[in-house]
Structure formats: structure tokens, C-alpha cells
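The values are calculated or read from the model by the stated rules, or taken from the named source; none is laboratory data. Since the model is a prediction, treat every value here as computed from it, not as a measurement. Heads up, the Cβs are rebuilt from the backbone with ideal geometry, glycines too, and the neighbour counts pull from every protein chain shown.
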Amino acid sequence: PAPGTEGEMMVEILKYTERIISMIRPRKLLYLAIDGVAPRAKMNQQRSRRFRTAQEAREKDEEAAKQMEEIEAELNIAQGGMVDPELREKKTWDSNCITPGTEFMANLSTCLRYWISEKLNNDPGWAKLKIILSDASVPGEGEHKIMDFVRAQRSSSQYDPNTKHVIYGL
């Protein structure tokens with residue numbers, strides 16, 4: 001099931017990131033890039049998608065409320081019972097929060113920084129890694145930030161042409 005709260009989403013993000021990193025096992029550098037503010041044309045496209053997502057979430061919540069009322073009516077008739085108020089009030093988590101400039105993204109950045117610090121201090125596999133986190137406060141899409149970094153490295157006189165890169169995007 002999809003995470004129901006922001007906290008659950010953070011835990012899932014960290015678990016998934018941990019899983020990917022443990023599969024790849026970087027040895028020198030780990031560059032984590034999160035989409036920042038997008039160019040204007042992309043913003044317009046994203047805006048329409050977010051409005052559609054919000055509308056679908058609202059419709060889903062309305063349908064769930066309707067079903068809850070039907071279930072509650074059946075319970076009242078059959079057993080005189082009621083549905084748990086917490087379950088009744090539960091709303092779909094708004095994935096539109098995953099947008100540069102939102103509180104969620106600021107919290108994600110803080111969470112990732114703390115997690116990286118913990119890993120560097122407590123995980124021997126991370127001891128020699130250089131970590132770069134380009135969060136949502138840095139403009140540009142994550143993939144573009146990574147490729148800009150790789151290009152800059154390749155133009156360096158100290159660049160090893162045998163360096164292998166693994167790029168994984170969500």
C-alpha cells in the first residue's frame with residue numbers, strides 16, 4: 001500500500017534508496033540529485049498534471065467517504081456498531097507535496113542529510129565515499145544535474161577515463 005503520511009513516505013524513500021545503494025555499492029562517489037525548480041515550459045506541463053492528480057485524489061476521497069457511510073449504515077442496522085473515527089477521517093496523502101519549494105521537499109532534504117551523516121559515521125561501506133546531495137533547492141532536473149557533474153569531471157585534468165558511472169533515476 002502507498003504511504004499514508006509524510007513520515008511513512010520518508011521512511012519508504014530511505015529504505016528504497018538504501019536498497020538501490022546496496023545493490024550498486026559505490027566505491028568512490030555517490031551523487032544524489034533531487035529535481036529542483038524546472039524550466040518554465042516543464043512547469044506548465046507539471047502544473048496541469050498536478051491539478052489532474054489533485055482532482056483524482058479528491059474524487060477518490062469522496063468515493064471512500066461514500067463507501068464508509070454505506071458500511072456504517074450496514075453496521076448500524078446489523079450490529080449497532082460504528083466505524084473507527086480515525087479510519088473514517090483518513091484522507092489520501094497528496095503526492096503533489098513532492099514538488100520543489102514545498103515543505104515536504106525541505107523536510108526530505110533534512111532527512112536525507114541526517115541519513116547520509118548517519119551512514120558516513122556508522123556504515124563501514126560508506127567510510128571512503130564522497131557524498132554529494134543536490135536537493136530541490138538547486139534548480140534543474142536531477143538527471144541534468146548529474147550529467148552536468150559528470151561532464152565537469154570529464155573535463156578535469158585528473159579525470160580517469162576508466163571511471164564507471166551508474167545512473168539510476170526515478
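A few remarks follow.
- Qualifying residue in region 151-160 (condition: of a type in the set (Lys, Arg), within 25 Å of PRO100 (Cβ to Cβ) and touching a residue at least 12 places away in the same chain (Cβ under 8 Å)): no
- Wholly enclosed helices (runs of 4 or more DSSP H) of region 70-170 bearing at least 1 residues at pLDDT 85 or above and touching a Leu at 6+ places or on another chain (Cβ under 6 Å): 103-122
- When residues of region 117-162 are limited to those that are out of contact with any helix residue (DSSP H, G or I) (no Cβ under 8 Å at 6 or more places or on another chain) and β-branched (Val, Ile, Thr), the one surrounded by the most Cβ atoms within 10 Å (Cβ to Cβ): ILE146
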